[in-house]
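Everything on this sheet refers to the single structure shown next.
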Amino acid sequence: MAAPLAGPEIERLINILAKLPGLGPRSARRAALAMIKRREQMLAPLAAALEDVMRTVRTCTTCGILDSSDPCSICSDPKRNQRLLCVVADVADVWALERAGVFRGRYHVLGGTLSVLDGRGPDQLNLATLPARVRDQKVEEVVLALSATVEGQTTAHYVTDTLGQTAIQITKLAQGLPVGGELDYLDEGTLAAAFGARRPF
Amino acid sequence: MEWLQDGIVLTVRPLGEGSVILDALTRDHGRHLGVVRGGGSRRMAGVLESGNLVRLTWRARLAEQLGSYQAEPNQARTAAIFHDRIKLASIVSLCALVPAITPERHAYPRLFDALDALTDAASDMTTLEVAAAVVRFELLLLEELGFGLDLRECTATGILQDLAFVSPKSGRAVSLSAGAPYRERLLRLPAFLTDANVPVSVACVADGLALTGFFLDRQLLSPHQKALPAARLRLSEMVAAGLGSD
């Protein structure tokens, strides 16, 4: 076994950083070194930011979004259309939709998708409160913004079944050609979905 | 060691950040695992979906090693049935059931052919036909693993007609008249399993799933402290609740 490169504190930092997505041991060492070299500009602000996040960020009990307030800024925004509810798998999906600025309703974060392999069933998802939320907030349309994967679509069907008793419109995002996509580079599944969802021009 | 073969994607589990371990059903090598480097990429995500047919090249230094796969898209089949809840649940159920039951690296050509035909034709079949095909596939699964049901004649009287039940003890058919006094203890045998000309109904498919589910659980899963996969249970619930597709 190789001897530690630095003191135990630095080794601990590197080990923690190496567990982050996108970082391995080598890049974690580079990141740790960069922070230590720029202690005042990088390390101190990062430590303060991490502490703030640790102290303030919580999961919104209404929708499941991460925010420093509960209810979150989206749930408490009166300008948002509360009759429109977008069901997503993860907080990252909310951030993607907010970046695009295409949706002005509210969200419901499931916290994942149904997965046979991961043993994630309906009980592990934030589904129990959804029918009541739809009913209480008089939601008129639920948009299923779930991935075009087997797990995503299985979850979409399950959510539809869960909301089956409520007389609301349930829609899902279209599947087909991506913006800037060239036909000869697309996979068969996307092409098949695009053909299936063609519309008058 | 190297071989090239078509395989049906059963399950994919992440390995590290960019790779996956692919569990695929092949004709000559049975259910076979391998590492797909870069299998976690966006380009491969649509290819390595349960039920898709992929062209696999497997390589390893020794035959007993996990080895690595090079996977190329052959037919993207599952995306075409995303819109149909029962069809999707059927394929997901089978792709969860096969790994739970079949041993690795044991060839079952008939199972591969049946699953290949079903995943290929699912988008063109009706929802009811796909659900009925699941029942037939599960019967084949039982047969291939040595626990086939004997549905040819009544185990009590030997008659070939009016077979309406299956004995949970012997797995053999029982006629309507012979089984009537014991109907509470017998499993219902849907007519479409004994006569290909009988039209399939939702109730028949639900009976079929209950029948195969019982024997899959008792003969192949319970002895190994396993249970029917959640996806299979959900398929039964969906069929029992009606077959309306979205």
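Can you tell which of A:Asp70, A:Asp93 is assigned by TED's automatic domain parsing to the domain that holds A:Leu173, in contact with a Cys (Cβ under 8 Å, 6 or more places away or on another chain) and of a type in the set (D, E, K, R)?
Criteria check complete, one pass: A:Asp70.
Which residues, taken from the range B:128-144, are open to solvent by 30 Å² or more (accessible area, probe 1.4 Å) and within 19 Å of B:Arg85 (Cα to Cα)?
Those that are open to solvent by 30 Å² or more (accessible area, probe 1.4 Å) and within 19 Å of B:Arg85 (Cα to Cα): B:Leu128, B:Glu129.
Of the residues A:Gly164, A:Gly181, which is touching a helix residue (DSSP H, G or I) at 6+ places or on another chain (Cβ under 9 Å) and either within 14 Å of chain B (Cβ to nearest Cβ) or surrounded by fewer than 17 Cβ atoms within 10 Å (Cβ to Cβ) (or both)?
Only one candidate qualifies: A:Gly181.
Find the residue count for the range B:34-53, including only residues that are away from chain A (no Cβ under 13 Å) and touching a helix residue (DSSP H, G or I) at 6+ places or on another chain (Cβ under 9 Å).
Adding up the residues that qualify gives 3.
Taking into account only those residues within the range B:17-33 that are within 14 Å of another protein chain (Cβ to nearest Cβ) and part of a loop (DSSP other than H, G, I, E, B), which is most open to solvent (accessible area, probe 1.4 Å)?
B:Glu17
Going residue by residue through the range A:109-116, is there one that turns out to be touching a helix residue (DSSP H, G or I) at 6+ places or on another chain (Cβ under 8 Å), closer than 19 Å to B:Ala79 by Cα, open to solvent by 50 Å² or more (accessible area, probe 1.4 Å) and outside any loop (DSSP other than H, G, I, E, B)?
Scanning the range A:109-116 turns up no residue that is touching a helix residue (DSSP H, G or I) at 6+ places or on another chain (Cβ under 8 Å), closer than 19 Å to B:Ala79 by Cα, open to solvent by 50 Å² or more (accessible area, probe 1.4 Å) and outside any loop (DSSP other than H, G, I, E, B).
Mind listing just one residue for me: the one in the range B:7-16 that is touching a residue at least 24 places away in the same chain (Cβ under 8 Å) and within 16 Å of B:Cys95 (Cα to Cα) and, of those, nearest to the other protein chains (Cβ to nearest Cβ)?
Per the criteria, the residue is B:Thr11.
Checking the conditions here, which among A:Ile65, A:Ile16, A:Ile10 is aliphatic (A, V, I, L, M) and touching a strand residue (DSSP E or B) at 6+ places or on another chain (Cβ under 8 Å)?
A:Ile65
What single numbered condition from (1) out of contact with any helix residue (DSSP H, G or I) (no Cβ under 9 Å at 6 or more places or on another chain); (2) more than 26 Å from B:Arg43 (Cβ to Cβ); (3) within 12 Å of chain A (Cβ to nearest Cβ) fails to hold for B:Pro99?
(2)
Do we have any residue at all in the range A:29-45 that's free of Cβ contacts under 8 Å to residues at least 40 places away in the same chain and part of a loop (DSSP other than H, G, I, E, B)?
Looking for residues that are free of Cβ contacts under 8 Å to residues at least 40 places away in the same chain and part of a loop (DSSP other than H, G, I, E, B), one finds at least one in the range A:29-45, hence yes.
What is the residue count in the range B:224-241 for residues that are assigned to a helix (DSSP H, G or I) and either open to solvent by less than 90 Å² (accessible area, probe 1.4 Å) or at the interface with another protein chain (Cβ under 10 Å from one of its Cβ atoms) (or both)? Quick ask: steps written out before the conclusion?
Looking only at the range B:224-241, we keep the residues that are assigned to a helix (DSSP H, G or I), and these are B:224, B:230-240.
From what is left, the residues that are either open to solvent by less than 90 Å² (accessible area, probe 1.4 Å) or at the interface with another protein chain (Cβ under 10 Å from one of its Cβ atoms) (or both) are B:230-240.
Here the count works out to 11.
Can you find a residue in the range B:70-77 that is more than 23 Å from the chain's Cα centre (by Cα), within 13 Å of another protein chain (Cβ to nearest Cβ) and not hydroxyl-bearing (Ser, Thr, Tyr)?
Yes, there is a match, as at least one residue in the range B:70-77 is more than 23 Å from the chain's Cα centre (by Cα), within 13 Å of another protein chain (Cβ to nearest Cβ) and not hydroxyl-bearing (Ser, Thr, Tyr).
Does the range A:178-201 contain any residue that is of a type in the set (Asp, Glu), farther than 30 Å from B:Val98 by Cα, modelled with pLDDT under 90 and not in a loop (DSSP other than H, G, I, E, B)?
yes
Given the criterion open to solvent by 70 Å² or more (accessible area, probe 1.4 Å), among the polar types (S, T, N, Q) and within 14 Å of another protein chain (Cβ to nearest Cβ), identify the matching residue among A:Gln175, A:Gln169, A:Gln153.
A:Gln169
For the range A:57-68, does any single residue satisfy the condition of being surrounded by fewer than 17 Cβ atoms within 10 Å (Cβ to Cβ), closer than 30 Å to A:Tyr158 by Cβ, hydrophobic (A, V, I, L, M, F, W, C) and away from every other protein chain (no Cβ under 14 Å)?
yes
The values are calculated or read from the model by the stated rules, or taken from the named source; none is laboratory data. What you see is a predicted model, and the numbers here were worked out from it, not measured in a lab. Because the Cβ atoms are built from the backbone with ideal geometry, glycine has one as well, and the counts that use them run over all protein chains shown. Just the protein is used for accessible areas: all its heavy atoms, side chains included, with ligands, DNA and RNA removed. Shrake-Rupley method; radii C 1.70, N 1.55, O 1.52, S 1.80 Å.
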